[in-house]
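Written out below as structure tokens is the structure these notes cover.
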Amino acid sequence: MKNLVPVSLLCLIGASCTGTPVSPTSADVCEGFPAWDTSAYVLPFAVGAVYFVSQGNCSPAQGEGRHRGVKKFGYDFDMPVGTAVLAARAGVVLQVEESHFDGQIAFTGLDNYVVIAHDDGTADLYGHMTHDGAVVSIGESVSAGQLIAYSGNTGNTANNPHLHFSVQTCDPVSRGTAGCPTLPVTFRNTDPNPTGLQVGRVYQARAY
């Protein structure tokens, strides 16, 4: 299924949303993380795999990272094109876009993604998938740890293949990122992360 993607969504999942530094505000204070050891979430890749976090929560006001404001919570995991992406939490597939090709890099309009919704109204966004990389369909129920897609290098990646993962208050494709701000998230199957995963570190997914 092909969707018209709000610019706000692409700004969220890209490496850079603007060339102008964003002034820090109280909205960029990173607080409210759930207990990591009882988190509803597991890392979105295979048990035993290890990946580097190149961008995390509340990006600095200057630099290439732009996880700020309503999009301040989220992670970019550097990974080769074709890496298996797993559901971080059980839910129902809400959105799928997979028509774009690796190397199609742009600020807007070229990102592949999967969105999975939950009973509490929140939704998880998995961004930058490879062409025809989704292995799930809209309306399908998935379990935590189930294969949902393969990573890629599509959209606003700065030509750095990675998986973007964020939890939103609602569906960011149909309602836009401004209407569905990101939420703090921790993961129960890796090193202690009481304030979320840290940029510049590698994390291994452990059995759960």
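A short reminder: the numbers here are calculations on the coordinates, not readings from a lab. Everything quoted here is computed from the prediction, not taken from an experiment. Glycine also receives a Cβ, built like all others from the backbone with ideal geometry; neighbour counts cover every protein chain displayed.
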Suppose we look only past 20 Å in the calculated P(r) of the range 53-208. What percent of the Cα-Cα pairs does that tail hold? 46 percent
At R0 = 35 Å the Cβ-Cβ FRET efficiency linking ALA90 and ASN160, nearest 0.05, sits at 0.75
Net charge near GLY200: determine it from the other residues with C-beta under 12 Å of the C-beta of GLY200, scoring Lys and Arg +1 and Asp and Glu -1. -1
Going from the alpha-carbon gyration tensor of the range 166-207, what semi-axes, largest first and in whole Å, does one get by taking the root of 5 times each eigenvalue? 26, 10, 9
Amide H proximity to ALA134 below 5 Å, modelled H, separation 5+ or other chain, gives TYR150
Local net charge near VAL42, Cβ-Cβ under 11 Å (Lys/Arg +1, Asp/Glu -1): +3
From the phi of every residue in the range 114-128, what ³J(HN,Hα) in whole Hz does the Karplus formula 6.51 cos²θ - 1.76 cosθ + 1.60 yield, where θ is phi - 60° and glycine or proline is x? 10, 10, 10, 9, 10, 4, 7, x, 7, 8, 9, 10, 10, x, 6
Find the Cα radius of gyration of the range 144-184, compare it with 2.2 N^0.38 Å by division, and give the number to two decimals. 1.37
